[in-house]
Amino acid sequence: MITDEERQALEQLRSGTKEERAAAAAELARGSGHDVDIALLKMFRASADEVLAMGTPVRQRMRSGGHAELISRVLAERDPDRDPAYIERMFLYGFDEEQKDGGLVGAEEWGFTRLRRLEPVQWYAKQLQYEGFARWMMRAAAVVALGDTSDPAAFDVLLPVLSHESKRVRGAAVQAVLRLARSGLDDEYRAHPVHQRLAEMLSDHPKVRVEAARALCRLGDEALVAEALSKAPWWQRKWRRELETCLRGEIPPLPKMWPGDQNV
């Protein structure tokens with residue numbers, strides 16, 4: 001049975017302002033229940049039909065989905081073990097064919113990162129090895145998406161990325177580890193080598209070590225950051241200020257993966 005609060009959230013998701021839809025999506029994503037799921041699936045089909053009527057290539061559809069992507073994400077959040085068949089109608093040849101040419105950039109907004117039956121960790125691990133057109137963009141997108149999988153297996157894939165030659169990739173991997181740990185995997189994070197690797201990254205490139213310090217503080221490892229501050233020479237004023245800022249808890253939020261994202 002749908003409650004009055006859920007009915008109101010469904011209506012806002014259907015026809016509210018951008019801000020109201022985001023708030024309604026966040027609220028509905030935290031719930032469960034067969035009747036609400038049915039209502040969401042009906043809304044998704046109606047919105048998806050509008051997208052399909054455009055007759056555009058798959059990637060253009062994915063970028064112009066209107067409400068479809070937001071509803072799809074809510075469905076994935078409500079039940080990560082959901083059968084992904086509901087979304088396959090968006091593709092001409094199914095998920096497998098789309099993954100062969102490098103995966104789908106922006107799939108996290110549709111909740112693909114959370115649908116366990118799609119095996120997203122394996123999907124994005126392959127995308128990290130992509131050699132086709134715009135390979136660096138595809139690989140960077142894979143790092144970001146791995147952080148959104150809420151799957152402890154992603155730590156294994158991200159560990160070597162924390163030592164990547166590109167400082168931008170390493171910084172993105174730090175944020176991905178932080179997002180994973182904050183998705184309910186704190187114990188798995190602490191038992192994994194990525195924990196020690198983040199501590200080592202306090203001596204990395206200036207931009208990367210700032211990301212590492214922020215992640216460690218947000219994950220309750222302020223002692224490691226305080227130790228780094230005690231060892232930082234006085235002439236590294238900017239670095240010392242960054243560490244002091246982290247220890248005060250003045251840390252910017254992570255970028256939102258989707259409009260209703262609360263894990264930032």
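Among E244, E88, which comes first, second and so on when ranked by fewest other beta-carbon atoms within 10 Å?
E88, E244
How large is the dipole of the chain about the Cα centre if only Lys and Arg carry +1 and Asp and Glu carry -1, each at its Cβ, rounded to the nearest 20 debye?
Roughly 1140 debye for the chain.
Enumerate the lysines that K231 could reach by cross-link, defined here as Cα to Cα under 21 Å, with residues fewer than 8 away along the same chain left out.
K207
Using Cβ counts within 10 Å as a stand-in for footprinting exposure, how do D4, D83 rank, fewest first?
On the way: D4 7, D83 10.
Fewest-to-most Cβ neighbours within 10 Å comes out as D4, D83.
Set Lys and Arg Cβ to +1 and Asp and Glu Cβ to -1, take the dipole of the chain about its Cα centre, and tell me which of P255, A39, A223 lies farthest positive.
Result: A223, furthest along the dipole toward the positive end.
Using θ = phi - 60° and the Karplus relation 6.51 cos²θ - 1.76 cosθ + 1.60, list the HN-Hα couplings for the range 184-201 in order, rounded to whole Hz, with x at every Gly or Pro.
The phi angles translate into x, 10, 4, 5, 5, 4, 5, 8, 9, x, 4, 4, 5, 5, 4, 4, 5, 6 Hz.
Looking at the square roots a ≥ b ≥ c of the eigenvalues of the Cα gyration tensor of the chain, which shape do they give, rounded for a/c under 1.5, prolate if a/b is larger than b/c, or oblate?
Prolate.
In nanometres, what is the gap between the two model label sites at E20 and D81, each 7 Å from Cα along Cα-to-Cβ?
3.6 nm
Rounded, prolate or oblate, given the Cα gyration tensor of the range 149-253, with a/c below 1.5 counting as rounded?
Judged from the Cα gyration tensor, the range 149-253 comes out prolate (a/c at least 1.5, a/b above b/c).
Which ordering of W239, W123 is given by a fewest-first count of other beta-carbon atoms within 10 Å?
So the ranking, lowest neighbour count to highest, is W239, W123.
How large is the dipole of the range 106-209 about the Cα centre if only Lys and Arg carry +1 and Asp and Glu carry -1, each at its Cβ, rounded to the nearest 20 debye?
280 debye
Report the GluC sites (Glu not before Pro) located in the range 143-209 that are in a DSSP loop and have at most 16 other Cβ atoms inside 10 Å of their Cβ, or state none. Display every interim value, and only then the final one.
Values: sites: E165, E188, E200; in loops: E165.
Within the range 143-209, the qualifying GluC sites (Glu not before Pro) (loop, at most 16 other Cβ atoms within 10 Å) are E165.
Can you compute the charge dipole magnitude of the range 167-254 about its Cα centre, using +1 on each Lys and Arg Cβ and -1 on each Asp and Glu Cβ, nothing else charged? Give it in debye, rounded to the nearest 20.
That gives a dipole near 480 debye.
What are the aspartates and glutamates whose alpha-carbon lies under 13 Å from the alpha-carbon of K126, with same-chain residues fewer than 8 places away excluded?
Here the aspartates and glutamates satisfying the reach criterion relative to K126 are D96, E98, D101.
I'd like to know which of A181, P120, A24 lies farthest towards the positive end of the charge dipole of the chain, counting +1 on Cβ of Lys and Arg and -1 on Cβ of Asp and Glu.
A181
Since every read-out is calculated from the coordinates, none of them should be taken as a lab result. Worth saying up front: this structure is predicted, and the values here are computed from it rather than measured. Methodologically, a virtual Cβ is constructed for each residue, glycine included, from the backbone with ideal geometry; neighbour enumeration extends over all protein chains shown.
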